[in-house]
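Trainee: Sending over a structure as structure tokens; questions will come in a sec.
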Amino acid sequence: MQTAGHVAGAVYMYRKEDLYTTAQRTDPAANSPEQVEDSWMEGKKIFPVCLHPQYGGWFALRGVIIFKGISCVSLEKPVPREILQSKEQIKELLELYNHHWKNNAFRD
């Protein structure tokens, strides 16, 4: 469901892969000035989380309708607006969502 919101341009879906540069995704040993300490997620499934440009995490994606056999090639794909400005902010969001979700702090 979150992927559908991201593809529709309604929300931005942050994933653990957003913490790394392109070089680090293919070679984990690659150094980067923006390298983020990631031992907190070693060996763990880290679920992605979406933020809305206006409502932050205080929204819900409730459904999607898929029309088989219908194609609209002229339909423009909107680019989701990235909200967080740094890899540290992304790390904090993912950590709050995956490990402290009960307090809803990730929504703010």
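Trainee: Taking only region 56-108 into account, find how many residues are assigned to a loop (DSSP other than H, G, I, E, B), among the small types (Gly, Ala, Ser) and surrounded by 11 or more Cβ atoms within 10 Å (Cβ to Cβ).
Mentor: Residues that pass the stated criteria total 1.
Trainee: From (1) under 19 Å from GLU88 (Cα atoms); (2) of a type outside the set (Ser, Thr, Tyr); (3) at pLDDT 90 or above, pick out the condition that doesn't hold for TRP40.
Mentor: Checking TRP40 against (1) under 19 Å from GLU88 (Cα atoms); (2) of a type outside the set (Ser, Thr, Tyr); (3) at pLDDT 90 or above, the one that fails is (3).
Trainee: While we're on this one: Restricting attention to region 81-99, report how many residues are farther than 14 Å from TYR12 by Cβ and touching a Pro at 6+ places or on another chain (Cβ under 8 Å).
Mentor: 0
Trainee: Can you tell which of PRO78, PRO48 is over 13 Å from the mean Cα position of the chain (by Cα) and either under 17 Å from VAL7 (Cα atoms) or among the polar types (S, T, N, Q) (or both)?
Mentor: PRO78
Trainee: Every residue in region 64-108 that is on the phi < 0 side of the Ramachandran plot and among the small types (Gly, Ala, Ser), please.
Mentor: Answer for region 64-108, where residues must be on the phi < 0 side of the Ramachandran plot and among the small types (Gly, Ala, Ser): SER71, SER74, SER86, ALA105.
Trainee: Does LEU61 satisfy the criteria of being more than 12 Å from TYR14 (Cα to Cα) and of a type in the set (A, V, I, L, M)?
Mentor: In short, yes.
Trainee: Then there is this: Of the numbered conditions (1) touching a helix residue (DSSP H, G or I) at 6+ places or on another chain (Cβ under 7 Å); (2) assigned to a loop (DSSP other than H, G, I, E, B); (3) modelled with pLDDT of 90 or more; (4) surrounded by 12 or more Cβ atoms within 10 Å (Cβ to Cβ), ALA10 satisfies every one except a single condition; which is it?
Mentor: If we test ALA10 against (1) touching a helix residue (DSSP H, G or I) at 6+ places or on another chain (Cβ under 7 Å); (2) assigned to a loop (DSSP other than H, G, I, E, B); (3) modelled with pLDDT of 90 or more; (4) surrounded by 12 or more Cβ atoms within 10 Å (Cβ to Cβ), just (1) comes out false.
The values are calculated or read from the model by the stated rules, or taken from the named source; none is laboratory data. As the structure is a prediction and not an experimental result, all values here were calculated from the model. Glycine also receives a Cβ, built like all others from the backbone with ideal geometry; neighbour counts cover every protein chain displayed.
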